[in-house]
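The values are calculated or read from the model by the stated rules, or taken from the named source; none is laboratory data. Quick caveat: nothing in here was measured; it's all calculated off a predicted structure. Positions of Cβ are backbone-derived with ideal geometry, glycine not excepted, and every protein chain shown enters the neighbour counts. Calculation scope for accessible area: heavy atoms of the full protein, side chains included, ligands and nucleic acids excluded. Shrake-Rupley method; radii C 1.70, N 1.55, O 1.52, S 1.80 Å.
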Amino acid sequence: MQGVAYRDLKPENILLDAQGHIKLVDFGFAKQVGDRETYTLCGTPDSLAPEVIHNSGHGLAVDWWALGILIYEFLVGQPPFWDPNVMRLYEQIVAGQLHFPQGLSLAARDIISQLCRTNVAQRLGYISGGSARVKSHPFFDGINWDDLYYRRVPGPIVPQI
């Protein structure tokens with residue numbers, strides 16, 4: 001559904017179906033926002049976008065930020081911002097300084113950096129071109145989005161049920 005901010009994209013909310021395709025779960029924080037802004041502080045602390053922390057109003061761009069955090073976490077094994085003290089965690093997020101481990105591909109570094117822009121007006125996915133620019137990023141080279149959407153390709157991990 002278009003115009004909905006999911007607001008809780010994280011590994012725990014991504015499941016695999018019987019064919020190995022992903023399914024998002026837990027829509028408790030999802031909200032129809034369209035082109036408006038909302039001010040509710042909600043989501044998982046380590047994947048909150050800076051505008052949520054600032055309580056300056058947020059919209060659909062928060063999910064593009066969360067996608068960058070998710071990609072980082074899947075590739076590195078931990079989120080890019082973390083501290084047991086939630087206030088220090090928020091300070092890290094607002095500063096937006098990403099640190100990449102050696103060996104992370106340039107395409108991965110680039111897409112994460114573009115998705116995790118603290119300035120919403122510069123955030124990949126939210127800027128001109130929207131999701132088409134995300135899907136055409138070199139990080140996703142080799143992905144046939146239509147085949148994926150129509151499930152003409154097998155899931156990479158098919159669970160034994």
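Here are the numbers:
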| item | result |
| --- | --- |
| Residue in the range 16-26 that is at pLDDT 90 or above and in contact with an Asp or Glu (Cβ under 8 Å, 6 or more places away or on another chain) present | yes |
| Within the range 1-48, considering residues that are among the β-branched types (Val, Ile, Thr) and over 28 Å from Pro156 (Cα atoms), the one most open to solvent (accessible area, probe 1.4 Å) | Thr40 |
| Failed item, numbered, when Leu9 is tested on (1) assigned to a helix (DSSP H, G or I); (2) in contact with an Asp or Glu (Cβ under 7 Å, 6 or more places away or on another chain) | (1) |
| Of all residues making up the range 68-99, the number that are surrounded by fewer than 19 Cβ atoms within 10 Å (Cβ to Cβ) and part of a helix (DSSP H, G or I) | 13 |
| Residue in the range 126-137 that is modelled with pLDDT under 95 and open to solvent by less than 40 Å² (accessible area, probe 1.4 Å) present | yes |
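Every residue, every condition in (1) aliphatic (A, V, I, L, M); (2) closer than 30 Å to Leu106 by Cβ; (3) in contact with a Pro (Cβ under 6 Å, 6 or more places away or on another chain), yes or no:
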position: Leu16; (1), (2), (3): yes, yes, yes
position: Gln32; (1), (2), (3): no, no, no
position: Gly43; (1), (2), (3): no, yes, no
position: Ser47; (1), (2), (3): no, yes, no
position: Gly57; (1), (2), (3): no, no, no
